[in-house]
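Down below is the structure, laid out as structure tokens.
The values are calculated or read from the model by the stated rules, or taken from the named source; none is laboratory data. This structure is a prediction, so every number in the text was calculated from the model and none was measured. We place every Cβ from the backbone using ideal geometry, glycine too, and count neighbours over all the protein chains shown. These accessible areas exclude ligands, DNA and RNA; they are computed on the full protein's heavy atoms, side chains included. Shrake-Rupley method; radii C 1.70, N 1.55, O 1.52, S 1.80 Å.
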Amino acid sequence: MVQLYRQGKDSLMTSLGRLRNHIGGEHVEGSGSLFETINPTTGLPLGEARSSLEADVDSAVQAAAAAQRQWIAMPPAERARVLHRVSQRLRDKRMELARLEVLDAGKAIQEVPAADIDSAADCFEFFAGVLQAAHGEHIDLGPSAFAYVRREPLGVVAGIGAWNYPIQIASWKTAPALAAGNAMIFKPSELTPVSALALSEIVAEAGAPPGLMNVVLGAGETGAALAAHPGVAKISLTGSVPTGTRVMAAAAETLKHVTMELGGKSPLIVFEDADLDDAVSAAMLGNFYTQGEICSNATRVFVHRRLHDAFLERAIARTEAIRVGDPLDPDTQMGPLISQAHLEKVLGYVEAGRAEGARLVTGGGRITEGPLASGWFMRPAIFADCTDTMKIVTEEIFGPVMSVMTFETEEEAVIRANATPFGLAAGVMTRDLARAHRMAAALQAGVVWINAYNLTPVAMPFGGSKMSGIGRENGLAALDFYSQRKSVYVNLGSVEAPY
Ligand code: NDP
């Protein structure tokens with residue numbers, strides 16, 4: 001199956017057929033029940049696969065362990081060249097891979113080549129570059145001893161992905177894991193299994209030992225089998241907070257390392273001196289890009305009272321101009337939500353907002369007429385007059401629903417922005433440099449954007465604080481989460497003993 005991405009656009013439009021696990025360089029069927037991946041644009045099946053059970057995961061662990069031994073025996077320069085070739089192949093296949101991702105995830109083709117495929121390629125390029133520069137430490141202990149610290153891989157690591165950025169999530173986990181000398185077993189979301197398989201094929205074609213990147217398909221039970229397997233040294237999960245707590249509890253049984261990239265309810269604070277159009281742009285990027293299905297989205301928009309009416313007026317006008325449509329159409333700016341169940345959940349939040357007295361100023365309804373009626377499409381929504389305790393303001397919606405609130409003072413904005421168990425991201429829009437940095441220090445978040453939103457260059461560590469996560473992806477920081485330190489004490493003198 002993993003060759004399917006070579007078949008071209010037309011054959012992909014109808015069906016990808018049977019998808020298979022990629023284990024040890026072989027394409028093998030899982031031993032569990034069949035499940036389908038649905039094209040969210042049409043509501044029709046795109047492909048089917050058997051889910052992977054404990055025995056399938058076990059064979060992936062064995063294959064990964066063998067590949068990891070070969071990988072770590074290769075000179076670092078050679079390993080770096082493999083990762084460089086992965087990056088180059090991702091760039092060569094940019095549009096093919098982008099179309100696959102559009103079919104599987106419903107993301108607009110206007111976004112995917114740059115936001116997903118280039119991001120994946122950038123990540124392999126970055127970690128190819130740092131692979132040879134990652135080093136240990138030397139510690140001077142006086143004339144007769146020294147110590148050094150080796151940076152060693154963890155061994156076999158597992159990645160479990162969400163469905164919103166499938167190839168990007170797979171790459172953000174696989175590239176640093178491989179750069180640190182590990183082998184990867186990746187489980188994509190059952191809703192978007194396709195591009196991780198394509199990536200693992202590219203890793204193999206680039207010259208990695210067979211089994212260095214394995215893909216096991218399946219739903220939560222497959223992820224749970226990875227979290228429980230004693231041969232897996234680390235789990236890196238991108239998913240919701242409830243899944244994160246379950247996976248972390250399972251990982252604790254065998255004391256695995258964990259990275260948790262979880263949900264958020266991030267604030268964007270628009271001060272009275274902000275550039276109005278930039279503030280509206282940031283709020284829209286932070287709520288409507290990728291149908292609002294982004295973990296770091298600024299779903300709580302606090303606008304200074306003096307700017308509020310003008311902000312809302314422009315935000316409504318620009319939101320109503322968003323082109324919702326077929327995600328393969330280059331003019332489309334917003335595609336369908338990932339699934340019927342998710343659409344219903346998001347529409348349920350719109351109802352909850354209304355019921356609690358928030359003012360729905362635009363959008364919020366499912367598109368029920370024309371060619372989009374068979375997919376999971378809705379109009380992007382803005383709620384005004386929101387209060388801090390409403391369900392739409394406290395819970396992660398993960399769809400195109402913006403909640404706008406007003407504030408008066410900087411102190412008030414900080415207190416209200418931080419009044420959430422989440423701590424993934426935050427944004428500040430202001431021309432006041434001192435205030436911007438005061439806010440950056442005061443906000444409880446893993447990432448703060450000043451006069452920008454949702455930009456995640458690979459060199460910048462990304463991850464959450466509080467209930468939004470543990471550990472960091474990207475940047476040099478990511479290597480620390482895929483390696484362990486070994487201290488070696490070297491005595492140059494005689495051995496002193498009191499006996
Ligand atoms: P889920 O938490 O539902 O699922 C995440 C992954 O975990 C999926 O592959 C899922 O399998 C798997 N899984 C589910 N149950 C278990 C289990 N018990 N053990 C092991 N694995 C399990 O999240 P979604 O896929 O719905 O993604 C949306 C969530 O992801 C949002 O909360 C969002 O904020 C978060 N997210 C966080 C990001 C970050 O970087 N912080 C980035 C992107 C998303 P399956 O789906 O196949 O059932």
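Determine how large the accessible area of HIS437 is when every protein chain is in place; take a 1.4 Å probe and give Å² rounded to the nearest 10. About 110 Å², rounded to the nearest 10.
Might you tell me the accessible area per residue for the chain, computed with a 1.4 Å probe and given in Å²? Please report the intermediate quantities before stating the final value.
Numbers: 19270 Å² over 499 residues.
On a per-residue basis, the chain sits at 39 Å².
Under 5 Å between amide hydrogens, built in the peptide plane, is the criterion, and for GLY17 it picks out GLU48 among residues at least 5 positions away or on other chains. Which net charge results for the neighbourhood of VAL232, defined as the other residues with beta-carbon distances under 14 angstrom from its beta-carbon, given Lys and Arg at +1 and Asp and Glu at -1? Every neighbour counted, the sum reads 0.
Calculate how steeply helix 119-131 sits against the longest principal axis of the alpha-carbon atoms of the chain, using the helix alpha-carbon long axis, and give the answer as 0 to 90 degrees to the nearest 10. That helix lies at roughly 30 degrees to the long axis.
Across the chain, the relative contact order, built from alpha-carbon pairs under 8 Å that are at least six residues apart, equals 17 percent.
Taking a ≥ b ≥ c as the square roots of the eigenvalues of the Cα gyration tensor, an a/c ratio of 1.5 or more together with a/b larger than b/c marks segment 242-365 as prolate.
Amide H to amide H distances under 5 Å link MET405 with VAL301, PHE302, VAL303, where only residues 5 or more positions off or on other chains count and H is placed in the peptide plane.
Taking trypsin sites (Lys or Arg not before Pro) as candidate sites, keep only those in a DSSP loop with at most 15 other Cβ atoms within 10 Å, then name the longest stretch of the chain containing none of them. It would help to have the intermediate numbers written out before the result.
Values: sites that count: ARG305, ARG306, ARG323, ARG431.
Answer from the scan: 1-304.
Taking all Cα pairs closer than 8 Å and separated by 6 or more residues, the relative contact order of segment 267-450 comes to 28 percent.
Return the inverse of the average 1/r over all pairs of distinct C-alpha atoms in segment 267-450, which is the Kirkwood hydrodynamic radius, in Å to one decimal.
Details: mean 1/r = 0.0605 Å⁻¹.
The Cα-based Kirkwood calculation yields 16.5 Å.
Solvent-accessible area of VAL350, all protein chains in place: 0 Å² (probe radius 1.4 Å, heavy atoms, ligands and nucleic acids excluded). Relative to the dominant Cα principal axis of the chain, helix 276-288 is inclined by about 60°. Across every direction, the projection of the convex hull enclosing the Cα atoms of the chain has a mean area of 26.4 nm². Computed in the context of the full set of protein chains, the accessible area of segment 389-475 at 1.4 Å probe radius has 62% of its extent on carbon or sulfur.
At q = 0.12, 0.17 Å⁻¹, work out log10 I(q)/I(0) for segment 34-135 with the Debye formula, treating every Cα as an identical point scatterer and leaving solvent out; two decimals please. Result of the Debye calculation: -0.63, -1.00.
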